[in-house]
Amino acid sequence: MLRGLSRPRRVVITGMGCVTPLGVGREAFWRGLASGKSGVRRIQSFDPSTSPVQIAAEVPDFDWESHLNPKDRKHVPRTVPLALAAAREALEDARIQPGDLTLEKRRSIGVELGTGGGGLAFTEQQYEYWYVGPTTKASVYTIPSSTHGGLSSELSMAFGLRGLSHIVSTGCTSSTDAIAYASQHIALGRQDLMIAGGVDAPIAPGILAAFNLMTVLTNEWNEEPHRASRPFSSNRSGMVLGEGSWIFVLEELGHALKREAQIYAEITGYGATCDAYHRVRLAEDGDEPARAMRIALNDAERGPADIDYVNLHGTSTMLNDRIETSALKLAFDGHAKRIPMSATKSQIGHPQGASGAAGVAAALCAMHTHRIPPTINLDEPDPLCDLDYVPNEAREADVRIALCNCIGFGSKNSALVIEKFPR
């Protein structure tokens, strides 16, 4: 779907911004990954003492005011400043100053973001003001700020970007799909440059209670939060909610070379399927996640033997980790056991629709630091999860080609292939 287009244009990543539970900024995120740090802690944004789940992976010490007009704070969800901060870093990293761009150039830059919950936590807060009070705290912009579409508009307005402005909301695969769609817009010649990635901030009392109702969250590690997210471990007991934003500057290769931009990687393959099975659960055969990965490999004109690293979905739920393992074996045939793989969610929890973008950022970390991030808390591997998950400590490696895998509610599956650009 990228290289196979009738008018193919190559798409590269030239900027990156990260606002994460491991810290704010790309360097903080990469350092946290490589050191095996956990961003899971007791919830600080509200009092969780009455909840059976009292932990999450929140962005620590985030400064709203430096990224958002204080007058707007009551009018937008937390996802907006998180996305603004990550997008601003990505643009600076790519050496693009929106204020210096001509009108024609602004029209050639679009925004494509993935989010699962969008303004859901904001909506919950507004309902509390309306039904509990004080109503004077409620925002006149409750409706536009509660809908997902307003999120990309906020970035377009903040930077004066007049290209397309889209939101993708496909559950946990949202930002994987958003990055792929942004790449396709560039490959088709519709835009020269795209701001693409994901953001989610689902940590609110009602959302926490609803996830807990599905029995997908762990409630066994409230006293030891750093040990709570433990993908592929035999004693895993559920996922940990996370938040954050990971945003990239994507551009056409010739456009990037002409302005002598740094290039992190090229996006070469994308695949997506649906189990068409259940609102929440995956089909246990793993066929469709495997097929999504195979489609991505074929799209990139690569085979299983070419992949140096896989960034896993790795939610830390009993069923999903086993099904993902089975799917990987199907997708990579006899190569599955030789490929190092790791689950970023062991360190940052599950940031819902931003998961795929977080995985791409982790894969770029592996490519450019020559260290594969670990899957932490993997002390007692599940015998049915028997691949190389890079347990507990980062590993030195030369990563040239990586596959990033995502699985979402509604049994959606997406995979991206990215390749380090030879410079």
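FYI, it's all coordinate maths here, none of it is from the lab. What you see is a predicted model; the values in this text were computed from it and never measured. All Cβ positions, glycine included, derive from the backbone under ideal geometry; neighbour counts span all protein chains shown.
Of LYS345/LYS420; LYS329/LYS420; LYS329/LYS412; LYS345/LYS412; LYS71/LYS105, which pairs sit farther than 26 Å apart, going by alpha carbon to alpha carbon? If you can, show how the numbers build up before the last one.
Working: LYS345/LYS420 23 Å; LYS329/LYS420 24 Å; LYS329/LYS412 19 Å; LYS345/LYS412 18 Å; LYS71/LYS105 30 Å.
In this structure, LYS71/LYS105 exceed 26 Å between Cα atoms.
Stokes-Einstein D for region 12-258 at 25 °C, 0.890 mPa s, Kirkwood Rh over Cα pairs, in µm²/s?
On the way: Rh = 18.9 Å.
In µm²/s, the coefficient is 130.
Among MET367, GLY408, ALA283, which residue has its Cα furthest toward the positive end of the charge dipole of region 270-418, with +1 on Lys/Arg Cβ and -1 on Asp/Glu Cβ?
Checking the options against the dipole of region 270-418, the answer is GLY408.
Using the 2.2 N^0.38 Å rule of thumb for compact globular proteins, work out how region 145-237 stacks up: its C-alpha Rg over that value, please.
Details: Rg = 18.0 Å, N = 93, 2.2 N^0.38 = 12.3 Å.
Computed over Cα atoms of region 145-237, the ratio equals 1.46.
Taking neighbour counts of Cβ atoms within 10 Å as a proxy for exposure, in what order, fewest first, do LYS329, LYS345 appear?
Numbers: LYS329 17, LYS345 26.
Ranking LYS329, LYS345 by Cβ neighbours within 10 Å, fewest first, gives LYS329, LYS345.
Could you state the principal axis extents of the C-alpha atoms in region 270-418, from the largest down, to the nearest angstrom?
Each principal axis gives a Cα extent; for region 270-418 these are 39, 36, 29 Å.
Net charge within 13 Å of LYS412 by Cβ-Cβ distance, Lys/Arg positive one each and Asp/Glu negative one each, not counting LYS412 itself?
On the way: positive: ARG279, ARG281, ARG291; negative: ASP177, ASP275, GLU288.
Overall, the nearby charge balance is 0.
Bin width 10 Å, alpha-carbon pairs only: give the P(r) of region 362-413 as whole percents, running from 0 to the bin holding the largest distance.
The calculated distribution, bin by bin, is 22, 40, 34, 4.
How much mean residue ellipticity at 222 nm does the chain get from its helices, if each DSSP H run of length 4 or more adds -39500 (n - 2.57) and you divide by all residues, to the nearest 500 deg cm²/dmol? All intermediate terms of the calculation are to be shown ahead of the outcome.
On the way: 13 runs with 133 residues, N = 423.
Result for the chain: -9500 deg cm²/dmol, rounded to the nearest 500.
What percent do you get for the relative contact order of region 326-423 when only Cα pairs under 8 Å and 6+ apart count? Spell out each step's value before the answer.
On the way: 127 pairs, mean separation 25.3, N = 98.
With pairs under 8 Å counted, the relative contact order is 26 percent.
What is the magnitude of the charge dipole of the chain about its Cα centre, with +1 placed on the Cβ of each Lys and Arg, -1 on the Cβ of each Asp and Glu, and no other charges, expressed in debye to the nearest 20?
Values: 42 positive and 48 negative charges, 186 e Å.
Here the size comes out at about 900 debye.
Just the Cα atoms of region 55-156: what Rg and Dmax do they give in Å?
Calculated on Cα positions, Rg and Dmax stand at 15.5, 48 Å.
Please report the net charge: other residues with Cβ closer than 13 Å to the Cβ of LYS137, K and R +1, D and E -1.
Values: positive: ARG73, LYS74; negative: GLU128.
Result for the local shell: +1.
Charges only on Cβ, +1 for Lys and Arg, -1 for Asp and Glu: so what's the dipole of region 12-258 about the Cα centre, in debye to the nearest 20? List each step's numbers first, then the result.
Values: 21 positive and 25 negative charges, 28 e Å.
The dipole of region 12-258 has a size of about 140 debye.
How do TRP130, TRP64 line up, fewest other C-beta atoms within 10 Å first?
On the way: TRP130 12, TRP64 17.
The most exposed by this proxy come first: TRP130, TRP64.
Looking at PHE159, THR135, GLY36, which one has the Cα that reaches farthest to the positive end of the dipole of the chain (charges on Cβ: Lys, Arg +1; Asp, Glu -1)?
Final value for the positive-end residue is PHE159.
Less than 9 Å Cβ to Cβ from GLY163, Lys/Arg counted +1 and Asp/Glu -1: what total charge do the surrounding residues give? Please list the in-between numbers first.
On the way: positive: ARG106, ARG107, ARG162, ARG190; negative: ASP192.
Around GLY163, the charge tally is +3.
Provide Rg over Rh for the chain; use the alpha carbon set for both Rg and the Kirkwood Rh (inverse mean inverse pair distance).
Dividing the radius of gyration by the Kirkwood radius yields 0.95.
Can you bin every Cα-Cα distance in region 279-337 into 10 Å intervals starting at zero and give me the percent of pairs per bin, rounded to whole numbers?
Distribution as computed: 23, 55, 20, 2 percent.
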